Amino acid sequence: MSDAEFSTRLSNARQDVEACLDGLLGPEPLPGETARPDALMAAIRHGVLNGGKRFRPFLVIESTRLFDGSDKAAQRVGAALECIHCYSLIHDDLPAMDDDDLRRGRPTVHKAFDEAAAILAGDSLLTLAFDIIADDATPLDATARLTLISTLARAAGLGGMAGGQALDLAAEKTPPDEGGIVTLQAMKTGALIRFACEAGPIIAGAGNEERARLSRFGAVIGLAFQLADDLLDLRADAETMGKATGKDAGRGKGTLVSLHGEAWAERRLSDLVSEAETLLAPFAGRAETLIAAARFVASRDS
Ligand code: GRG
């Protein structure tokens, strides 16, 4: 698949998911909700509808297509996952965590609004994600919806992303060894990406073998995503990234790049892309978009 074809597919998925998110984040309360406060909705929309790549929803959509699953279900699960990703960014930017003023090229939610609004926007997005999947409007049977909810809860929670964030904060005081860095990154960054790839076979009702294979593919590209992010933190400027860069080095934070150097990281990225290709080899041409996604992750420049 050419770079241009891949960009078109990513951009189409982005548009579909943004339309879905725009509808889900409307002012009208759902049955059972009392009201959606205007100021909270403004903070939430600032933190979500703001130019993200939507790479995780794209992975949900493409891993679902690999098994001919429902596109509509994939869009809603992708939107739910993006809600959790956006919550994590909003909370990560808070002064108590990474303390950033810029995200996706715009003021962070606590800068544009205030800290309480940012905390509540994140809380609301986290719970909304599970509401979106549980809702009958997600066209899947109840067992598939429950499996998605439980798998996503474990990816996002204490043994996944939130736990990884805790390990990351602790790493500023006591630097972890290489194994510790790999574990914290697999949790903080990798868990949501792994869920995105595993969601497809769950949505499409594929078997356990396929689900395990896509989960391994997700783990591999999650590693590549973080390695590329560590390289970008060293190499790119804040304008290109839409967020502060150079923060890891500034804080003396250990990464695999600081341990082994940039040339090692480039070689490891290329090995990870080969591993991703091998994992999807049984699907032959049907997996070309996901394989292009693995290459995109390794070579991305923003
Ligand atoms: C606060 C519970 C909690 C978790 C925060 C997301 C996160 C965990 C920390 C962010 C720190 C960071 C920069 C991690 C590297 C990987 C990452 C999540 C990059 C941002 O994701 P992209 O590049 O961003 O997909 P866009 O803006 O395109 O969505």
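Throughout, read-outs are computed from the coordinates displayed, never taken from laboratory work. In this text the structure is predicted, and so the values were computed from the model without any measurement. Note that we place each Cβ from the backbone using ideal geometry, even for glycine, and neighbour counts take in every protein chain shown.
Observations, loosely collected:
- Cut-off 15 Å, label 7 Å out along Cα→Cβ of residue 143, residues of the range 211-236 by amide N: none
- Estimated inter-spin distance, residue 72 and residue 237, nm [label 7 Å along Cα→Cβ]: 4.7
- Theoretical gain in end-to-end length, residue 7 to residue 101 [0.36 nm per residue, Cα-Cα removed]: 30.9 nm
- Simple point charges give the picture: +1 on the Cβ of Lys and Arg, -1 on the Cβ of Asp and Glu, and for the range 3-299 a dipole about the Cα centre of about 300 debye.
- Stretched out straight at 0.36 nm per residue, the stretch from residue 170 to residue 127 would grow longer than its current Cα-Cα span by 12.9 nm.
- Working note: 222 nm ellipticity from helices only, DSSP H runs with n ≥ 4, each -39,500 (n - 2.57), summed and divided by the residues of the chain, gives -22000 deg cm²/dmol to the nearest 500.
- Efficiency of FRET between residue 302 and residue 259 - r from beta-carbon atoms, R0 22 angstrom, step 0.05: 0.35
- Packing-based exposure ordering (other Cβ within 10 Å, fewest first) of 100, 233, 271: 271, 100, 233
- Comparing Cα centroids, the range 151-202 and the range 25-57 end up 25 angstrom apart.
- Rounded to the nearest 20, the Cβ-based charge dipole of the range 197-236 about its Cα centre (Lys and Arg +1, Asp and Glu -1) stands at 100 debye.
- Fewest-first sequence of 220, 77 by Cβ atoms within 10 Å of each Cβ: 220, 77
- Each residue in 86, 197 was given a count of other beta-carbon atoms within 10 angstrom of its own, and listing them fewest first yields 86, 197.
- Given 14 as the ceiling on other Cβ atoms within 10 Å, longest exposed-site-free region of the chain for GluC sites (Glu not before Pro) in DSSP loops: 34-171
- A straight line joining the Cα centroids of the range 257-302 and the range 1-19 runs 19 Å.
- Full extension of the segment from residue 208 to residue 22, taken as 0.36 nm per residue of separation minus the current Cα-Cα distance, would add 63.6 nm.
- Links that overshoot a 21 Å alpha carbon limit, given the list 188/253; 53/243; 53/173; 188/243: 53/173
- Taking all Cα pairs closer than 8 Å and separated by 6 or more residues, the relative contact order of the chain comes to 19 percent.
- Both radii were evaluated on the Cα set of the chain; the Rg over Rh quotient, with Rh as the Kirkwood radius, amounts to 0.95.
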